[in-house]
1. With no solvent and one equal point scatterer per Cα, compute the Debye intensity ratio I(q)/I(0) for the stretch 1-40 at 0.19, 0.29, 0.32 Å⁻¹ and report its log10, rounded to two decimals.
2. Could you give the nm distance between label points at L20 and Q42, where each point is 7 Å from its Cα heading toward the beta carbon?
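Read the figures in this text as sums done on the coordinates, not as results from a lab. Please read all numbers here as calculations on a predicted model, not as lab measurements. Positions of Cβ are backbone-derived with ideal geometry, glycine not excepted, and every protein chain shown enters the neighbour counts.
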Amino acid sequence: MQTSGFDPLVMRQARIGRSLREVYDCVTDTPLPDQFDALLAQLDKINLGGGSR
């Protein structure tokens, strides 16, 4: 049993969590490309038009 004030596994998990948060924040802050946004708009029109199977 460890008696020191830190657990290497917990520290590693915290570092991974911080890294994942940085990547997630970067992705969510990046705007969609215009072409992708246009494609989503076209798909919305299809779905609203009753194009379900």
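1. -0.68, -0.91, -0.98
2. 3.5
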